[in-house]
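What follows is a single structure, written as structure tokens, with notes after it.
The values are calculated or read from the model by the stated rules, or taken from the named source; none is laboratory data. Everything numeric here is computed off the predicted structure, so don't read it as measured data. Note that each Cβ is placed from the backbone with ideal geometry, even for glycine, and that neighbours are counted across all protein chains shown.
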Amino acid sequence: MPLSVVIITFNEERNIERCLKSILPIADEIVVVDSFSTDRTMHICKQYNTRFIQRAFDGYGTQKQFATAQASFNYILSLDADEELSEELKDSILKKKDNFDAACYSFNRKNIYCGKAIRYCGWYPDKQIRLYNKTYINWNDKNVHESITVPINEKLIHLKGDLEHYTCSSIAEHQQKEGKYARMNAENLIASKDCISFLTPYLKSGFRFFSTYILLLGILDGYYGFVISKTLAKSSFLKYSVARQQLKLKR
């Protein structure tokens, strides 16, 4: 059965070619929805015969919903530009293409941080649902940390192989990215209008560090396990601090 691969991008010249090369053996169509990149993203994508569509970014969930709607075929593989398929995962998907027997499929994601595969910190196996029939399945509306919504009655099959995710090439890049996510998540907290006390940012960030570094065994990832745990804790602190401040201003 034919398969559409959909990718959302913004200034991904560093990553997009690696992603595109990995999907060529399985894709019957490649749709790229771009948020008006100012680098060479468009040029690279057009070299690979993609259908390149530009649309203003309004949140990760809705952007991926839009990308899904642009696909010509019912079965969709949704990727981010900084991801690529391992050879084992490509083989698993190729075998399923002969006869898709479920509405959605999951596989493990291997997160690669500053060139190192992270095995703990809650970052592996990091199960992802990315291959789905758009007739029944789609992304939720979350503006960050979006996910596929699977109806209870739909069959889910787990495939062998890893989706390799090149998260960050430097610690500074990770800190910048987490700062962006923290502010986007703060908007969700503000919309919920939950009460956030003075202690909440400290308690949440402290637990985030303890959870990532100790409970999720980030300590076994060495130096980068500590850095990841610390960065996620700072992101949690920022999220609740920003939300608390904005809620106070609205009163």
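Please identify the pairs in which a residue from region 59-81 that is closer than 13 Å to D34 by Cα has its Cβ atom under 7 Å from the Cβ atom of a residue that is part of a loop (DSSP other than H, G, I, E, B) and aliphatic (A, V, I, L, M), counting only partners at least 6 apart or on another chain.
Matching pairs, first to second residue: Y60/V144.
Out of region 29-81, which residues are in a loop (DSSP other than H, G, I, E, B) and closer than 30 Å to D101 by Cβ?
Passing the criteria: Y48, N49, T50, A71, S72, F73, N74, A81.
Filter region 190-212 down to the residues that are of a type in the set (D, E, K, R) and at pLDDT 95 or above, then identify the one that is farthest from Q245 (Cα to Cα).
Looking at the filtered set, the residue picked out is R208.
Scan region 153-211 residue by residue and report those that are surrounded by 14 or more Cβ atoms within 10 Å (Cβ to Cβ), in a strand (DSSP E or B) and in contact with a Lys or Arg (Cβ under 9 Å, 6 or more places away or on another chain).
I157, L159, G161, D162, L163, E164, H165, Y166, T167, C168
Out of curiosity, is D101 within 17 Å of the chain's Cα centre (by Cα) and among the charged types (D, E, K, R)?
no
In region 162-208, which residues are within 27 Å of L20 (Cα to Cα) and among the acidic types (D, E)?
Residues satisfying the conditions are D162, E164, E173, E178.
Search region 212-223 for residues being crowded, with 20+ Cβ neighbours inside 10 Å and of a type in the set (S, T, Y), and hand back the single one that is farthest from A186 (Cα to Cα).
Y213
Return the total of residues in region 9-21 being over 17 Å from the mean Cα position of the chain (by Cα) and either among the hydrophobic types (A, V, I, L, M, F, W, C) or within 18 Å of E87 (Cα to Cα) (or both).
Residues meeting the conditions: 2.
Of all residues in region 90-132 being more than 16 Å from Y166 (Cα to Cα) and of a type in the set (A, V, I, L, M), which is surrounded by the fewest Cβ atoms within 10 Å (Cβ to Cβ)?
L94
I'd like the residue in region 40-62 that is farther than 22 Å from Y181 by Cα and touching an Asp or Glu at 6+ places or on another chain (Cβ under 6 Å) and, out of all such residues, is surrounded by the fewest Cβ atoms within 10 Å (Cβ to Cβ). Explain how you work it out, then say what you get.
Kept after step one, since they are farther than 22 Å from Y181 by Cα, are these residues of region 40-62: 40-54.
When the remaining residues are screened for being touching an Asp or Glu at 6+ places or on another chain (Cβ under 6 Å), the result is 40-41, 44, 54.
Values: R40: 15, T41: 24, I44: 21, Q54: 12.
Only one residue fits best here, namely Q54.
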